[in-house]
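S.K.: What follows is a single structure, and I will ask about it in a moment.
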Amino acid sequence: MNFVALDCETHLIQPGLQAPPIVCGSYWGSPTSARPATGGLLTRREFIDSVRSKLQGDLVIAGANIAFDFGCVVAAEPDLLPLVFAKYERGEVWDVSIAMMLHLIAEGCVHEGELWDPRSPGKKLIDPSKGTITSRVSLAVCVDLCLGRADAKENDEWRLRYAELEALPFHQWPAVARDYPVDDARNTYEVAVWQAQHCRNTVNLPAQCAAAWAAHLSAMWGIRTDASRVEAMQAALEAKRAEDVAFAKSKGFMREDGSKNMAVIHEAVTKAYNGNPQRTEKGAVSTAREVLEESGDEALERFSEVSKTEKLLKTYLPFVQSGVEVPINVRPNILLATGRASYDGLIQLLPRKGPTRECFVPRPGHVWCSVDYSAIELSTLAQVCLWTVGHSRLAEAINDGKDAHTVLVSTMTSRPYEELLPLVKLPGEVKDLRQAGKAANFGFPGGMGAAKFVIAKRKEGLRVCRVMGKEAQPCGTEMVTSWKDRETSPVCRQCVEAAEELRRFYLGTWTEMRGYFAYVTNHLETSAEVTQFLSGRVRGGCRFTQMCNTLFQGLAADGAKKALWDITRECYLDTASPLFGSRVMIFAHDELILEMPEERAHEAALRQVEVMVAAMKEYVPDVRVSAEPALMRRWFKDAAPVYVEGRLVPWEPQQS
């Protein structure tokens, strides 16, 4: 494989400007393996011309976060956009940071967002250019891991100052300013050559690089917020803070001057944890928000809202305010251990309820379209069971068009599915049991135990004993801190017993799941590595629950990234598509939100569904995949399809 590494230096990234003007560029590479690699520094014009030439050739273009460089190039000369897409489609783009991340995933060095050094078991990965623990794979990290050098950024003193040199010829630049871009290109080239020979998981690299490019284009476009909604959000949060503080004072958790009464809080936490509270490193009773939320004490859980509301005011409010004047450019992280993508910062952590999401609005003349796959991880779980176990009652139910949650209720009640279906939306036992069934269908496939299930659902506001009809005495009357000889955060005994019963019903309904869990158990006896179906991506260092989850979660992630690519390509290149001119705003696991011109939103929305379903079906060939579009004028999490005279129109919340 013959590489050429490209890198550009630009003006600083600014709010609303994710593709700043290019100042200069650099390259390093060789057209054939027989010739030594060479490179050099290029003016802005020379660099863009060089990129054009390389896009038209067959050399593999390497870079660290190369999507950023391509973004700057196409911002300068938009006619290069089709060539960039074509280069990705041919698999001739090699992002060394993504390649390294894929390798770390295969080596089992990525756990819950933390990176571990494959050379030193038990040691977190350090970025040598900063000397700090990192959760991102930079070029400096790649050079350290691949080439054994910690000097990748030794000449970086001008890294953020190249705009100052823009008007000067190269011979008037300081020597280190001339050296740094070439160093970056040469280091990238040498890393790519090493990775091609030694890194694992590169079979999945083209797909991940393509998804990274699509996500970067979305980030370049950015998201806007509405000033009046932001003001309403601030007023609502300040009112909520006043309510929270008043409650805290009524329980003695806060004094009249607003300070916390730690003695009262410690006493309440100690009591909630049956005299054995969680403690800080210094030995004090922990009052962290997670501790309060998992205490099982309703007063402490409500008290945790004080810090949550404060965070919304101090952190989320400024974030939302920043989108009033210029677009918010969120930074995607295209690859997690599960294969999913995420975003840096707050955009993926916005509260589901409350006014925060509704601050985000489309540009004038546009609407947003949300298309969410219908329970896609049930479909991918069923597909994985067909491949691993050989049968799946869940697949049969989905393919028959049945609601899997109501099917589970049918098992719990021994009542026919057709009899229950009209009752699931009416207040009463059947609706409650369906809620429990939904929790089970999404909670138990990953091997979650009853106690953790109860805690997870309690955080979502679900009391398992209540929805299961097992609340003989008020939920939380009897709390336990161990279950099946394992310590746990305080949980309601009734809830855990109900969860155990719910799990038995779950396994009795989807009989393939015992076989699936056995498949994972047997696999773990010989290897902690698992290979993702179809994409071939390997994940190492798996425990039981991780291996259970990653097979079907990763399959859904791969299909969703293919959908992201297909949608983005039509938005930018296919002038015959109703999607042309639309832009991806948010890529959230199984949901894609697009901003589209309102006059053709109906046609564009239907096309979005069509493309997303077709892309996912490439990864889920034997199980039904479905999705529905919802138009909206603000970001509503509850938005649903609304048709008027056969055409899709924006959903609006009902006025109470």
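The values are calculated or read from the model by the stated rules, or taken from the named source; none is laboratory data. Predicted model only: the values in this text are computed from it and were never measured. A quick note on method: Cβ atoms are made from the backbone with ideal geometry, for glycine too, and the neighbour counts reach across all protein chains shown.
S.K.: Could you identify the single residue in 264, 269, 291 that is in contact with a Phe, Trp or Tyr (Cβ under 7 Å, 6 or more places away or on another chain), assigned to a helix (DSSP H, G or I) and more than 30 Å from residue 216 (Cα to Cα)?
M.R.: Testing whether each residue is in contact with a Phe, Trp or Tyr (Cβ under 7 Å, 6 or more places away or on another chain), assigned to a helix (DSSP H, G or I) and more than 30 Å from residue 216 (Cα to Cα) leaves just 264.
S.K.: A further question on this structure: Checking the condition charged (D, E, K, R) and either assigned to a helix (DSSP H, G or I) or within 30 Å of residue 588 (Cβ to Cβ) (or both), which residue from 190, 154 passes?
M.R.: Only one candidate passes the filter, namely 190.
S.K.: Considering only the range 251-270, how many residues are over 24 Å from residue 481 (Cα atoms) and either of a type outside the set (D, E, K, R) or not assigned by TED's automatic domain parsing to the domain that holds residue 303 (or both)?
M.R.: Of the residues in that region, 5 qualify.
S.K.: From 151, 95, 144, grab the single residue that is under 28 Å from residue 541 (Cβ atoms) and out of contact with any strand residue (DSSP E or B) (no Cβ under 7 Å at 6 or more places or on another chain). Reasoning before the result, please.
M.R.: On the way: 151 fails: under 28 Å from residue 541 (Cβ atoms); 95 fails: out of contact with any strand residue (DSSP E or B) (no Cβ under 7 Å at 6 or more places or on another chain).
144 is the lone residue from the list that is under 28 Å from residue 541 (Cβ atoms) and out of contact with any strand residue (DSSP E or B) (no Cβ under 7 Å at 6 or more places or on another chain).
S.K.: Restricting the range 380-398 to residues that are surrounded by 22 or more Cβ atoms within 10 Å (Cβ to Cβ) and of a type in the set (S, T, N, Q), which is farthest from residue 518 (Cα to Cα)?
M.R.: Out of the qualifying residues, it is 380.
S.K.: Sticking with this one: Got at least one residue in the range 539-549 being closer than 30 Å to residue 444 by Cβ, polar (S, T, N, Q), touching a residue at least 40 places away in the same chain (Cβ under 8 Å) and touching a helix residue (DSSP H, G or I) at 6+ places or on another chain (Cβ under 7 Å)?
M.R.: Checked the range 539-549: no residue is closer than 30 Å to residue 444 by Cβ, polar (S, T, N, Q), touching a residue at least 40 places away in the same chain (Cβ under 8 Å) and touching a helix residue (DSSP H, G or I) at 6+ places or on another chain (Cβ under 7 Å).
S.K.: Identify, please: which residue in the range 213-272 is loosely packed, with under 13 Cβ neighbours inside 10 Å and among the hydroxyl-bearing types (Ser, Thr, Tyr) and is, among those, farthest from residue 363 (Cα to Cα)?
M.R.: It comes out as 250.
S.K.: Output the number of the condition that residue 533 fails; it satisfies all remaining conditions of (1) touching a residue at least 24 places away in the same chain (Cβ under 8 Å); (2) assigned to a helix (DSSP H, G or I); (3) in contact with a Leu (Cβ under 8 Å, 6 or more places away or on another chain).
M.R.: (2)
S.K.: In addition: Take residue 608 and tell me if it is under 19 Å from the mean Cα position of the chain (by Cα) and modelled with pLDDT of 95 or more.
M.R.: Taking the combined requirement at face value, the residue does not satisfy it.
S.K.: Does the range 353-371 hold any residues that are surrounded by fewer than 18 Cβ atoms within 10 Å (Cβ to Cβ) and either within 25 Å of residue 613 (Cβ to Cβ) or free of Cβ contacts under 8 Å to residues at least 40 places away in the same chain (or both), and which are they?
M.R.: 364
S.K.: Also: Go through the range 508-519 and count every residue that is surrounded by fewer than 21 Cβ atoms within 10 Å (Cβ to Cβ) and either in contact (Cβ under 8 Å) with a residue 40 or more places away in the chain or assigned to a strand (DSSP E or B) (or both).
M.R.: Of the residues in the range 508-519, the ones surrounded by fewer than 21 Cβ atoms within 10 Å (Cβ to Cβ) are 508, 511, 514-515, 517-519.
From the residues that got through so far, the ones that are either in contact (Cβ under 8 Å) with a residue 40 or more places away in the chain or assigned to a strand (DSSP E or B) (or both) too are 508, 511, 515, 517, 519.
Of the residues in the range 508-519, 5 are surrounded by fewer than 21 Cβ atoms within 10 Å (Cβ to Cβ) and either in contact (Cβ under 8 Å) with a residue 40 or more places away in the chain or assigned to a strand (DSSP E or B) (or both).
S.K.: Same structure again: Go through the range 268-289 and report how many residues are of a type outside the set (Gly, Ala, Ser), out of contact with any strand residue (DSSP E or B) (no Cβ under 9 Å at 6 or more places or on another chain) and free of Cβ contacts under 8 Å to residues at least 24 places away in the same chain.
M.R.: Residues in the range 268-289 being of a type outside the set (Gly, Ala, Ser), out of contact with any strand residue (DSSP E or B) (no Cβ under 9 Å at 6 or more places or on another chain) and free of Cβ contacts under 8 Å to residues at least 24 places away in the same chain: 4 in total.
S.K.: Let me ask something else about it. Cβ-Cβ distance below 7 Å, separation of 6 or more or different chains: which pairs start in the range 595-619 with a residue that is of a type in the set (D, E, K, R) and end on one that is part of a helix (DSSP H, G or I) and crowded, with 16+ Cβ neighbours inside 10 Å?
M.R.: Within 7 Å, the pairs are 618/559; 618/562.
S.K.: Still on this structure, I have one more. Just to be sure before I move on: is residue 494 farther than 27 Å from residue 110 by Cβ, touching an Asp or Glu at 6+ places or on another chain (Cβ under 7 Å) and of a type outside the set (D, E, K, R) in the structure I sent?
M.R.: Here the answer is yes, as residue 494 does meet what is asked.
S.K.: Which of the numbered conditions does residue 488 fail, given that it passes all the others? Conditions: (1) without any contact (Cβ under 8 Å) to a residue 60 or more places away in the chain; (2) assigned to a loop (DSSP other than H, G, I, E, B).
M.R.: The number of the failed condition is (2).
S.K.: Tell me which residues, restricted to the range 606-632, are of a type in the set (Asp, Glu) and not in a helix (DSSP H, G or I).
M.R.: Those that are of a type in the set (Asp, Glu) and not in a helix (DSSP H, G or I): 618, 622, 628.
S.K.: Further, regarding this structure: What is the one condition in (1) surrounded by fewer than 19 Cβ atoms within 10 Å (Cβ to Cβ); (2) modelled with pLDDT of 95 or more that residue 151 does not satisfy?
M.R.: Answer for residue 151: the failing condition is (2).
S.K.: In addition: Does the range 38-58 contain any residue that is farther than 27 Å from residue 171 by Cα, outside any helix (DSSP H, G or I), among the aliphatic types (A, V, I, L, M) and in the same structural domain as residue 93 (by TED's automatic domain parsing)? Give the derivation first.
M.R.: Taking the range 38-58 and keeping what is farther than 27 Å from residue 171 by Cα, we get 55-58.
Adding the requirement that they be outside any helix (DSSP H, G or I) leaves 57-58.
Checking which are among the aliphatic types (A, V, I, L, M) leaves us with none.
No, the conditions are met nowhere in the range 38-58.
S.K.: Before we move on, is residue 99 within 18 Å of residue 201 (Cα to Cα), modelled with pLDDT of 95 or more and outside any helix (DSSP H, G or I)?
M.R.: no
S.K.: Contact list please: Cβ distance under 6 Å, first residue in the range 399-410 and buried (at least 20 other Cβ atoms within 10 Å of the Cβ), second residue at pLDDT below 95 and part of a loop (DSSP other than H, G, I, E, B), pairs at least six apart or on different chains.
M.R.: Going by the 6 Å Cβ cut-off, the qualifying pairs are 406/424.
S.K.: Taking the condition crowded, with 22+ Cβ neighbours inside 10 Å, hydrophobic (A, V, I, L, M, F, W, C) and either out of contact with any Ser or Thr (no Cβ under 6 Å at 6 or more places or on another chain) or at pLDDT 95 or above (or both), does residue 560 pass?
M.R.: On the way: crowded, with 22+ Cβ neighbours inside 10 Å: yes; hydrophobic (A, V, I, L, M, F, W, C): yes; either out of contact with any Ser or Thr (no Cβ under 6 Å at 6 or more places or on another chain) or at pLDDT 95 or above (or both): yes.
Yes: the conditions hold for residue 560.
S.K.: Moving to a separate point now. Within the range 79-88, is there a residue that is more than 21 Å from residue 192 (Cα to Cα), touching a His at 6+ places or on another chain (Cβ under 6 Å) and either aliphatic (A, V, I, L, M) or part of a helix (DSSP H, G or I) (or both)?
M.R.: Checked the range 79-88: no residue is more than 21 Å from residue 192 (Cα to Cα), touching a His at 6+ places or on another chain (Cβ under 6 Å) and either aliphatic (A, V, I, L, M) or part of a helix (DSSP H, G or I) (or both).
So that you can scan it fast, the table gives a plain yes or no per residue for (1) under 23 Å from the mean Cα position of the chain (by Cα); (2) part of a helix (DSSP H, G or I):
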site: 552; (1), (2): yes, yes
site: 566; (1), (2): yes, yes
site: 569; (1), (2): yes, yes
site: 592; (1), (2): yes, no
site: 604; (1), (2): no, yes
site: 634; (1), (2): yes, no
site: 654; (1), (2): no, no
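S.K.: Residue by residue through the range 290-302, note down the ones that are under 16 Å from residue 254 (Cα atoms) and touching a Lys or Arg at 6+ places or on another chain (Cβ under 7 Å).
M.R.: Across the range 290-302, the qualifying residue is only 299.
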